[in-house]
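**Student:** Sharing a structure, written as structure tokens. Questions coming.
Just so you know, all these numbers are worked out from the coordinates, no wet-lab data involved. In this text, all values refer to a predicted model and were calculated from it rather than measured experimentally. Neighbour counts run over all protein chains shown; Cβ positions are idealised from the backbone, glycine included.
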Amino acid sequence: MKRFRNLLLGLLVVVLLISTVACSAPGKGTANKTSGGTRTNDKKKPGKGENNNQDETADIMTPYGKYPEVIEMHTAKRASSKPNFVKGDTVEDNAMTRYVQDKLNVKLVVDWEVEGSEFINKLSLNIISDNLPDMFTLGAGDYLVYKQLLENDKLADLTEAYEKCAGDYMKDVFSSYDNKNLAPYTEGGKLYGIAGGRYGYEHNLLWLRKDWMKECNLEVPKTVEDIKHILTVFKEKNPGGHNVGMILNATDPAGGYGSGYSATPIFEAYGATPKTWIKDKNGDIVYGSVAPEMKEGLKVLAEWYKEGLIDKQFPTRTDGGANDAVWNGSQSGVVFAPWHFSYTEADLPRNNPDAEVIPVNAPLDSEGNFNVIWPGPSGDAVFINKKYEHPEAVVKVMNAEYDMWRGFDPEGTKLIKPNRDANVDWGYMFPTSGVNLEYADIIPNVGLLAKNYIEKDKLEGAPSATEMDKEMARDAKNYADTKSLKGMGWVHYHGRYLGSNLVNTPEVKITYPVFSFTTESMADLKPNLDTLESTAFLQIITGEKPVDYFDEFVKQWYGQGGDTVTKEVKNEVKNMGK
């Protein structure tokens, strides 16, 4: 197994690459012109093809061709700390897996599941023992693992499966990304993985306890200094009785695009772009985490930590759900997270019905801009073991699961509704885990739908909205009108109405990456470089190293392979489109 035994040790570090892919509860965008063409409403509803109820003699190489007999599809899962299934359901046996089996004769079997940070380690052992599941899902941060699987001929060719079995909805969604989401998993004209597009507008916002701000007579912040003032007052007055300060991500404090609990907006306020390849002021391609602008953000966080404004225990909160518990237990009133943080904080109003929360575009830079980073084109991707007899099954399963979730099939939608009402962990429930089929501009469009319904009493703004989108808007309006904590009203009001309507406002200034993929040497160099980065930032913030240690870190980064990687990225960018 060439390279895999050496890769196993490297993968113990690669887990630090995994982003908190914020896998939000899905919705569907408006019908308007995008880079992928014009979306229209006059065609048949995507996902509800005429083959949906074919009999057993139907051609299986169609979007809904049902197998004559039940076939099994074995998979592996990242465990969920809060599955939120309805009573009696499990990851193998729930409304969605039963629906998929009924429609397609595909039975899901979960071979194993482990905590998210251990998933790649466990999968690597499966690779070495040549015992891969039939189907498995990798995050965008696991791209190096995909490359190793491909090099060792472990992946099925999905080209024909996608061409013949992808439904209208899937293809329509991918067209909104110009199909760039599939490009990283296409080699020699063959498709080896199906990735959901990583839509924009999932950058971190500032989330605040509004009730604490009222209690302390504080105004909505705009600048870094304004946020520091709020943290200082919260520390002095201790609203809630056990405030620990701002929550911070222990393994990824500077973060990057959509990295929950990371202080990315602090760095962006000073013109820094963590974990992003960009062109600097001189037109040179640089890795944002080693650019000089990072130093000011680290200085701010180091000062805040020293003054007790950041949770002193944050370096130890590495377990999944640890930071969630701090926020939902009313131990903090300041955090950075994407719009979909409302799903994470769903327990807060249950624990404290009087809690009020507000998202804010802050801090702004010196020119009044709220700087944000844009993602690469691909999100989570699903793969099939080359040994599996029915690679096309994964595409058909994706059609079926989204027919149910999006509301294209009323029968399926009715079956799944109790789970949605319970805030089910959709990425855990879906057979294909976190592969998300969403239009590139979904976030602001569904936000507008909810805004128009709440403020104008008109359910409009997203002409191609699915029933699920309208359901979320109704939930948000119900909470706005009644303040009832039943169902998903609180979550959708804060996420789909408040949060989603901040992501595309005039002060938002987007920085687009010049490169979002993987170069040849990254397979060997990037794990060490990322560990070097996260360790240095943690040491500086906690005071173990002085802020000037950043300069030494930059030298080490270039010396330990960063120079090689940078040259490769520059060459890749130069040759793009040729």
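**Student:** With just the Cα atoms defining each centre, how far is segment 480-506 from segment 418-462? Give it in Å.
**Tutor:** That distance is 11 Å.
**Student:** Spelling out what I want: for every residue of segment 494-500, take phi, set θ = phi - 60°, compute 6.51 cos²θ - 1.76 cosθ + 1.60 (Karplus), and round to whole Hz; glycine and proline get x.
**Tutor:** The phi angles translate into 6, x, 7, 9, 5, x, 5 Hz.
**Student:** State the extension gain, in nm to one decimal, for the chain segment bounded by T505 and K164, taking 0.36 nm per residue of separation less the distance between their alpha-carbons. Don't skip to the end; give the middle numbers.
**Tutor:** Working: separation 341, 0.36 × 341 = 122.76 nm, distance 4.00 nm.
Gain in length upon complete extension: 118.8 nm.
**Student:** Report the extension gain between E367 and K281 in nm, rounded to one decimal, defined as 0.36 nm multiplied by the number of residues separating them, less their alpha carbon distance.
**Tutor:** Numbers: separation 86, 0.36 × 86 = 30.96 nm, distance 1.65 nm.
Result for the pair: 29.3 nm of gain on full extension.
**Student:** How large is ³J(HN,Hα), in whole Hz, for each residue of segment 81-92 in order, when computed from phi with the Karplus curve 6.51 cos²θ - 1.76 cosθ + 1.60 and θ = phi - 60°, using x for Gly and Pro?
**Tutor:** 6, 9, x, 6, 5, 5, 4, x, 8, 9, 5, 8
**Student:** Another question about this same structure. Once you place label points 7 Å from the Cα toward the Cβ at I128 and K87, how far apart are they in nm?
**Tutor:** Result: 4.5 nm between the two label points.
**Student:** Enumerate the calculated ³J(HN,Hα) couplings along segment 315-329 in order (Karplus 6.51 cos²θ - 1.76 cosθ + 1.60, θ = phi - 60°), each rounded to whole Hz, writing x wherever the residue is Gly or Pro.
**Tutor:** Values, residue by residue: x, 9, 8, 9, 6, x, x, 5, 6, 4, 5, 5, 5, 5, x Hz.
**Student:** Moving on. Do the alpha carbons of any pairs in K190/K509; K82/K190; K279/K526; K235/K458 sit beyond 32 Å of each other, and which pairs?
**Tutor:** Details: K190/K509 36 Å; K82/K190 37 Å; K279/K526 20 Å; K235/K458 43 Å.
Over 32 Å apart, Cα to Cα: K190/K509; K82/K190; K235/K458.
**Student:** Taking only the C-alpha atoms, wrap a convex hull around segment 340-471 and report its volume per residue in Å³ as a whole number. Spell out each step's value before the answer.
**Tutor:** Values: hull volume 23.8 nm³, N = 132.
Hull volume normalised by residue count: 180 Å³.
**Student:** Follow-up. Calculate the spin-label point distance for T232 paired with E552, positioning each point 7 Å from the Cα along the beta-carbon direction, and give it in nanometres.
**Tutor:** With each label point 7 Å from Cα toward Cβ, the separation is 3.1 nm.
**Student:** Amide H neighbours of V508 under 5 Å, at least 5 residues apart or on other chains, H built in the peptide plane: list them.
**Tutor:** F370
**Student:** Right, here's the next one. For segment 442-507, build the convex hull from the C-alpha positions and give me its volume per residue in Å³.
**Tutor:** On the way: hull volume 5.0 nm³, N = 66.
For segment 442-507, the hull spanned by Cα atoms encloses 76 Å³ per residue.
**Student:** When the helix-only estimate is applied to the chain (DSSP H runs of n ≥ 4, each -39,500 (n - 2.57), divided by the residue count), what is the mean residue ellipticity at 222 nm, nearest 500 deg cm²/dmol? Before the final figure, lay out the partial values.
**Tutor:** Values: 22 runs with 216 residues, N = 578.
About -11000 deg cm²/dmol.
**Student:** Restricting to Cα atoms and excluding each atom paired with itself, what does the Kirkwood estimate give for the chain in Å? Display every interim value, and only then the final one.
**Tutor:** Values: mean 1/r = 0.0409 Å⁻¹.
With all distinct Cα pairs of the chain included, I get 24.4 Å.
**Student:** What whole-number distance in Å separates the alpha-carbon centres of segment 233-304 and segment 195-218?
**Tutor:** Their Cα centres are 15 Å away from one another.
**Student:** OK, next. Given H placed on each backbone N at 1.01 Å, which residues far from G379 in sequence or on other chains put an amide H within less than 5 Å of it?
**Tutor:** G196, G197, R198
**Student:** Okay, next question. Could you pull out which residues in segment 410-432 have an amide N less than 17 Å from a spot 7 Å beyond the Cα of T482, following the Cα-Cβ vector?
**Tutor:** 418, 421-423
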